[in-house]
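The numbers here are math on the coordinates, done by the rules we state, and not lab data. A quick note: this is a predicted structure, and the numbers were derived from the prediction, not measured. With ideal geometry, Cβ positions are generated from the backbone for all residues, glycine too; neighbour counts draw on all protein chains shown.
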2 protein chains.
Amino acid sequence: MAFSFFNKLRNKKQHLKLIKQELDKVRDVIARQVEPFGPHVRPYMEHVCRGRGKMIRPGLVLLTAAATGGITEKHITYAAMLELLHMASLVHDDVLDKADTRRDIATPNALWGNELAVLLGDTMLAQAMVMGAELGDSRFIRRMALATRELCEGEVEQSTRLWDMDMTRAEYYELIRKKTAVLFALAMFGSAMLQGLDEEMVEQLERMGTLLGISYQIYDDCLDLTGSEDAAGKTLGTDAAKGKLTLPVFFLMEASNEDVAGYVHGCVAARQEIDFSRVRHTEAFAEAIRLSVAEGLSRNAEAREVLWMLPESEARSALAEMTYRLDEMLEDCCP
Amino acid sequence: MAFSFFNKLRNKKQHLKLIKQELDKVRDVIARQVEPFGPHVRPYMEHVCRGRGKMIRPGLVLLTAAATGGITEKHITYAAMLELLHMASLVHDDVLDKADTRRDIATPNALWGNELAVLLGDTMLAQAMVMGAELGDSRFIRRMALATRELCEGEVEQSTRLWDMDMTRAEYYELIRKKTAVLFALAMFGSAMLQGLDEEMVEQLERMGTLLGISYQIYDDCLDLTGSEDAAGKTLGTDAAKGKLTLPVFFLMEASNEDVAGYVHGCVAARQEIDFSRVRHTEAFAEAIRLSVAEGLSRNAEAREVLWMLPESEARSALAEMTYRLDEMLEDCCP
């Protein structure tokens, strides 16, 4: 069987060990992004640059680089730039979601109000642009700008299509591609570009990033309905309840249990908050999560196929490991 | 006297006639920036791209280009990009200021709420980045990103230094350089760069932009205290009252009329809204405005000196005309 080799790799977090030192360097570069700012801006930037995220996007940059010839200084900067861009979008997300904590630390809007949080997000985005402009030619920068635009576009679309019964599942996938997968794709695309790989290889790695990003968002959508807030380090259960049509909600509306399907469908049609405690114990709910998880798993498998184009290496195994870790995270969502 | 030639040019708005057609092209390019967006984002972008501003930054780009060899397609795109960047910052400003109208049309936050307005501003900024990436090399793009960062930094600083008694007048000038003059400077810098002018000339034109931008912000700060809302097309009297230490406020705190100085100083020290109806009728107030206006006028005069480096042309006269128009606007603020 084609994946027998990768299937042996299920020793958790091995993929992170391989790039541990380089991830620390990325964190250092992020921390240094406060340096251009004066005393009236710097403390706020220090707060947001101190947060410790999962570093998924930097991880993808570094592992892709390691698997295709080695990690350079440009890859470190690029990884930091992407994480900063991601962090900027989170600062604005937290304003919009009125979230008080993120990654277990108080959000800028909770600490200093919405006004400063909006401006701080803008400043982080601008600083990411400055970093991006130092990395490559204008064609490369254009790709970063286009991805940033798609990210914003996805966020706008999500916010304007709450409770939108006309949204199809294909549109849902396109929406999460924009709001989440675009940065995963950019991570692998950019890493490959900086490595000087040929066009076909760059394109395939970008496709792998897109697949993983979509899978990751499906995981996040399932976690919102099934996870524990302590483990997730953020408020849960709010997305779908507030009218975001996520994949599990689509499956719930199509459930064979007519009570469940009718209730969820009725809530969406009436633009009314879904009370998930009414459906969480049903087999229909478990089935909706399982079907969603299966969609994620199949994308991970497709993503792994791209890895056969790369020469065998520890880093290639680590990339495979990362996809298996995502499999596990998805599977853990099943009730 | 050195400026006798320019002094003859005071026929209002002549500078706009010279570039009227090109400004229309810039408006067309701005209107076309909605095209990449799908049906769930586009209507919102169309609303914000329809607004008709004073087009000061595009005007500076075009006149600089016309005075240094001619307006190219790149100048048109660059002018549109700068205006879009400026418009993006206004969309976020209106969220922060809770403003309902801007340029006589309803603001995005008034129409669709803060959430969408924040995301829309982000999207406009990203689209400006895409346009910027198509214009030049990475060194040029880096300058645009640095300017955007300074713009954001200025906004953060303004918001964190309300009622800040420790702020010096030098710091006020540095703050308005960042929040306003940076885009004026970028307009003239970029126009000269796209024209391929030598380094000394680019630097001088950038300096001229900085001077005009600072002067323009002084005008705006005076207008906030003396203008009519109908004529300005926006809500006035809020900046200084809400603790922004603007130049007229500095002069009021130093007024020889101890009642006025004491009242304003006391409000600032107590972080208490200044009621300008209590001071507007005084000679001290008129003097504070006159002193502020004089600061603006002297910067305009210094800006005009740069024009002698350019060959005589209709466009050079038009640039001079623009600075005289700003003189008039400043003078009109005097009670």
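Using only the alpha carbons of the protein assembly as shown, what is the convex hull's orientation-averaged projected area in square nanometres?
The Cα convex hull of the protein assembly as shown, projected and averaged over all directions, gives 31.5 nm².
Take peptide A:38-45, look around each residue's Cβ out to 10 angstrom, count Cβ atoms belonging to other protein chains, and average those counts.
Other-chain Cβ atoms within 10 Å of each residue's Cβ, averaged: 5.
Among the helices of chain A (complete DSSP H runs), which have Cα atoms covering no less than 20 Å along the helix axis and a Kyte-Doolittle mean of at least -1.0?
Span-like helices in chain A: A:73-96, A:108-133, A:138-160, A:199-226, A:283-306, A:314-332.
When the convex hull of the C-alpha atoms of region A:63-208 is computed, what volume per residue in Å³ does it have?
Normalising the Cα hull of region A:63-208 by residue number yields 129 Å³.
Please list the equivalent ellipsoid semi-axes of region A:249-335, computed as the square roots of five times the alpha-carbon gyration tensor eigenvalues, in descending order and whole angstrom.
Square roots of five times the eigenvalues give 36, 12, 10 Å.
Over all residues in B:96-105, what is the mean tally of Cβ atoms on other chains that come within 10 Å of each residue's Cβ?
The shielding value for this peptide is 1.
With Cβ to Cβ distances under 11 Å as the rule, what net charge do the other residues near B:Ile71 carry (K, R +1; D, E -1)?
0
For peptide A:110-118, compute the average count of partner chain beta-carbon atoms within 10 Å of each residue's beta-carbon.
Counting Cβ atoms of other protein chains within 10 Å of each residue's Cβ and averaging gives 4.
Quick check on the exposure proxy: order A:Met165, A:Met193, B:Met188, B:Met329 from fewest to most C-beta atoms within 10 angstrom.
Least crowded to most crowded, the residues run A:Met165, B:Met329, A:Met193, B:Met188.
Strictly under 4.7 angstrom between C-beta atoms: which cysteines of the protein assembly as shown have no such partner?
Singleton cysteines: A:Cys49, A:Cys152, A:Cys267, A:Cys334, B:Cys49, B:Cys152, B:Cys267, B:Cys334.
Can you run the Rg to Rh ratio on region A:66-115? Use alpha carbon positions and the Kirkwood inverse-distance Rh. Spell out each step's value before the answer.
Working: Rg = 15.2 Å, Rh = 12.6 Å.
We get a ratio of 1.21 for region A:66-115.
For A:Asp224, A:Asp100, what's the fewest-to-most ordering of other Cβ within 10 Å of each Cβ?
With the sparsest Cβ surroundings first, the list reads A:Asp100, A:Asp224.
Compute from the Cα atoms of chain B the Rg and the Dmax, the latter being the longest Cα-Cα distance, and quote both in angstrom.
Cα-based Rg and Dmax for chain B come out at 20.0, 60 Å.
How many angstrom lie between the Cα centre of region B:57-90 and the Cα centre of region A:138-184?
For region B:57-90 versus region A:138-184, the Cα centre distance is 29 Å.
What list do you get for A:Glu115, B:Glu302, B:Glu321, A:Glu283 if you sort them by fewest beta carbons within 10 Å?
The fewest-first ordering by Cβ neighbours comes to A:Glu283, B:Glu302, A:Glu115, B:Glu321.
Tell me the net charge near A:Gly213. Cut-off is 11 Å between Cβ atoms, A:Gly213 excluded, with +1 for each Lys or Arg and -1 for each Asp or Glu.
Values: positive: A:Arg57, A:Arg177, A:Lys178, A:Lys179, A:Arg207, A:Arg299; negative: A:Glu206, A:Asp220.
Charge balance in the 11 Å sphere: +4.
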